[in-house]
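Notes follow once the structure below has been shown.
Read the figures in this text as sums done on the coordinates, not as results from a lab. Bear in mind that the values here come from a model prediction, so they are computed numbers and not experimental data. Heads up, the Cβs are rebuilt from the backbone with ideal geometry, glycines too, and the neighbour counts pull from every protein chain shown.
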Amino acid sequence: MTQPFWKMKSLQQMSKTEWESLCDNCGKCCLIQLEDEDTGLRLHTDVTCKLFDSHQCNCTDYPNRKKRVPDCVILNPKNVHELDWMPQTCAYRLIAEGKDLFNWHPLVAGNSEAIHHAGMSLRGRVVSEEDVTEDEWQDRITEWPGEGDEEGSGIVVVDESAEDGEGEAK
């Protein structure tokens, strides 16, 4: 059986179509992040770029995003290794680090909805930067599934059998 392209090619060897198909449409790269000036720690919010469509989990003006949002970073095979702020679950980051894609990734699952069903996307859980003031961002700091240091796995496991009924992250 033939291996999938992402296991056989480096990011630099991929066609434009293959490269674009790696995006799982989680939307996490479109989040506004805050950086602690003292520690350099980056904190995620639930605030997205003004161009982010929170239902489709993609950019509403992808071809012109850099013109409309000057600080938007255009990801490419050369800079992906340098962008330590990219989501830990990001396919580009995973492949660059020599790791495999998660089973909920659309290319693995064969279903573009799998990431949303797995709770790994921002779908329906964010607000646009146009709907909140910059002063409110600090109050909107959020930990997203797969982006903490859950025992190094990159995935949050919730034990729903906890006695208090609240569930417990492991």
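Key figures
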{"read-out": "Contour minus Cα-Cα distance for Leu43 and Met8 (0.36 nm per residue)", "value": "9.2 nm"}
{"read-out": "Between segment 1-51 and segment 52-86, the Cα center-to-center distance that results, in Å", "value": "8 Å"}
{"read-out": "Gyration tensor (alpha-carbon) shape descriptor, segment 13-123, a/c threshold 1.5", "value": "rounded"}
{"read-out": "Length added when fully stretched, Asp71-Lys99, from 0.36 nm per residue minus Cα-Cα", "value": "7.3 nm"}
{"read-out": "Added length on full extension, which subtracts the Cα-Cα distance from 0.36 nm per residue, Glu18 to Val132", "value": "37.5 nm"}
{"read-out": "Helix-only mean residue ellipticity at 222 nm for the chain, each DSSP H run of n ≥ 4 adding -39500 (n - 2.57), per residue, nearest 500", "value": "-3000 deg cm²/dmol"}
{"read-out": "Translational D in µm²/s for segment 29-68 (Stokes-Einstein at 10 °C, 1.306 mPa s, Kirkwood Rh from C-alpha pairs)", "value": "139 µm²/s"}
{"read-out": "Loop sites in segment 13-84: GluC sites (Glu not before Pro), DSSP, at most 16 other Cβ within 10 Å", "value": "Glu37, Glu82"}
{"read-out": "Residues in segment 115-129 that a label on Gln56 would reach, taking backbone N under 19 Å of a point 7 Å out along Cα→Cβ", "value": "115-117, 121-129"}
{"read-out": "Segment 1-152: relative contact order as a whole-number percent, Cα under 8 Å and 6+ apart", "value": "31 percent"}
